[in-house]
1. Residue 389 to residue 249: FRET efficiency via 1/(1 + (r/R0)^6), r the Cβ-Cβ distance, R0 41 Å, to the nearest 0.05?
2. Once you have the Cα-Cα distance between residue 464 and residue 360, take 0.36 nm times their residue separation minus that, and quote the gain in nm to one decimal.
3. Measuring from label point to label point, each 7 Å out along Cα→Cβ, what is the residue 331 to residue 540 span in nm?
4. Out of residues 5 or more away from residue 487 or on other chains, whose amide H comes under 5 Å of its own, with H placed 1.01 Å from N in the peptide plane?
5. Enumerate the residues in the range 222-250 having an amide nitrogen under 14 Å from the point lying 7 Å beyond the Cα of residue 136 toward its Cβ.
6. For the chain, build the charge dipole from Cβ charges (+1 Lys, Arg; -1 Asp, Glu) around the Cα centre, then report which of 226, 531, 309 sits farthest towards its positive end.
7. About its Cα centre, how strong a charge dipole does the chain have in debye, to the nearest 20, once Lys and Arg get +1 and Asp and Glu get -1 at the Cβ?
8. Note down the nm distance, to one decimal, between modelled labels 7 Å out along Cα→Cβ at residue 416 and at residue 125.
Amino acid sequence: MTCKWLRYFKNDRDRRDLVTCGSAAGIAAAFRAPVGGVLFALETVSSWWRSALLWRAFFTTAMVAVVLRALIDFCKSGKCGLFGKGGLIMFDVTADYVTYHLVDLPPVITLGVFGGILGSLYNFFLDKVLRLYNLISEKGKTYKFLLAATVTVCTSCCLFGLPWIASCKPCPTDTEEACPSIGRSGNFKKFQCGMNEYNDLASLFFNTNDDTIRNLYSAGTDDEFHMSSILVFFAASYFLGIFSYGLALPSGLFVPVLLTGAAYGRLVAMLIGSQSTLDHGLFAVLGSAALLGGSMRMTVSVCVVILELTNNLLMLPLVMLVLLISKVVADAFNTNVYDLLVRLKGFPHLEGYAEPYMRQLSVSDVVTGPLQTFSGIEKVGHIVHVLKTTGHNGFPVVDEPPFSDSPTLYGLILRDHLLVLLRKKDFIRSCTSSTLNASKHFTHDEFAKRGSGKQDRIEDIELSSEELEMFVDLHPFTNKSPYTVLETMSLAKALILFREVGLRHLLVLPKSSKRAPVVGILTRHDFMPEHILGLHPFLFKSRWKKVRLGKLNVTSIL
C-alpha cells in the first residue's frame, strides 16, 4: 500500500500502531468484544503503549462493532446462513441471576489451581510439538504436506471413532429444541442412536466450536452430558489442540483453548460440583477462564472478553478470582504461550521488566563489535561494501578532521536512507563538503517506508567502477539527535529506556572524551538473556539467578 494518502503508515511507529489496532479488531470481530479487543492489544500485543494508540484502537473496535451490528441486521432475513442468528452477545446462555456463597469458593479455587497446572502443561507440550514440527518442516514442502495430512487423518479418526464408545441417552422432554437434531446444529446429535435418543459425545464433536461452547455454557443442562463423554471430549480437544497448531494450515489457539476450558469446567463440576451451588454451565465459563489464564497468562482482557461473551456481570468476582489463581500457579512453571511462540520464532521480544542480574551490569558489558561507522563525507565504494557484508540497520556518522577539530559523533543514518542515496546517485567527485540542497533533490516520499515486498536491496543497485570511487555527503540525511547513553549506565535502566520509548537503536558514548566518540550501538538483540548470559556465564551462579529461560536454552548457552 504505497498510495500518497497512506503516508501516515509509512514509518515504523505508525505501522506498529496499525498492527496493534489490527489485533484489537480481530479479537473484537471474533468474539464481538470491542472493549476486550482493546485490552487484549494493551495487555498482550504491544511492547509499549501511548495515549494516541489507545483512542486509535478504541475507534477501530468501535467500527468493528458497528459493522457487525449492521451485518447482523441485514442477515436476519436468512440470506447469510447461520451468521445472522446471533447478536453482539455470542453466548448469552448462563443463568439470569447468579448467586454464590462462601461454600462455593473451595471448588472455584480448586478449578483455578488445576487450570493453571493444565495451562502450563499445555504450553510445555506445545513447545515440544512445535520444535518437532520445525525439524520436519525444514526438510521441505513435501514433509510439511505429509505432516498436515497425517494429523488431519488422525483427527478425523478421533472425531468419527470416539463417539462410538458413548452410550445413547433418551431425549429430554422439557427442551424446546428438536431432539435428535438431524441436518442442523444443536445439542442432540443422533449419530448411531435410534429415534428419540441422542449421543452426547457426538453432540460435542459434530458441532461448530461456537455451538459446542454454547452447549457447554448453557444453564440448566446438568444432566445432558455423561461424565465419561465430557472426560473423553476434554482429553481429545486438549491434545488435538496441541497437535493441530503449527501445521501448514489455518489453525487457531484462542478458541481451542476456550473450548477445552469449557469441557474442563464441566468435568470439574461433575467431580466436585455437588459441594457447590453453582450451575454446571457457570463452571464451564470459569473453566475457560482458568485454562486461558494458565496458558496465555492474560487477566484483564480475558476477563472482559468473557463478560462480553456471556453478558453476565454477576460472574465478575468469580472470573477475576479464577484468572488470578490460574496465572499465579502457571507462572511458577513456565512462560505464557505467546512468549513461547515468539522465542521459537527467534524474535527479540523485550519483557516489561529488567531481570535482577541486569543491575549488576553496565551497558559496556554487553556491547559487542566491531562497530561499523561512516564519515560525514563517505566513499561510495565503502558504503556499498559495508551494506553488503553486514546486516545492520543503523550506522553512526562520525566527523573527523578537517571537518571537525576532533572525531565527533554527528548522528545516526539508517540503511534504507543509504540505499535511497545510492539509488539516486547524487555523488560528489572529491572528499569535500558539498553544497547540496537536499530538499530540492529529494522528497519525503523517497525516504518513506515502502510497502511489503518493495524494499530496496543493495544487490539491486548497479554502480559503475567510476561511481564507486566517488563520495556522498551524509550530513543532510543523518539524524542529528539520536538517543544516547553513557557506557557506565546500568543495563537495567537502558532496557527500560529502550522499551518505554520504543527505540530500535541506542548509541553508547564513552565516559572519557579521549576515546572514540561512540563505542557501540545497542539493539533489541543485545538485551536478550541468551546474549547477555552467553557473554557472562558466571551470572548463572549468582544469587540473583532469576532467569526466565527454558532448560534447553540454558543448556545450549553453557
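The values are calculated or read from the model by the stated rules, or taken from the named source; none is laboratory data. Keep in mind that what you see is a predicted model, and the values were worked out from it rather than measured. A quick note on method: Cβ atoms are made from the backbone with ideal geometry, for glycine too, and the neighbour counts reach across all protein chains shown. Protein only, heavy atoms only, side chains kept; ligands, DNA and RNA dropped before computing areas. Shrake-Rupley method; radii C 1.70, N 1.55, O 1.52, S 1.80 Å.
1. On the way: r = 39 Å, r/R0 = 0.96.
Here the calculated transfer efficiency is 0.55.
2. Details: separation 104, 0.36 × 104 = 37.44 nm, distance 5.11 nm.
Using 0.36 nm per residue and subtracting the Cα-Cα distance, I get 32.3 nm.
3. In this crude label model, residue 331 to residue 540 measures out at 2.7 nm.
4. 509, 511
5. 240-249
6. Sorting the options by dipole projection puts first 531.
7. Values: 55 positive and 47 negative charges, 225 e Å.
Rounded to the nearest 20 debye, it is 1080 debye.
8. 4.3 nm
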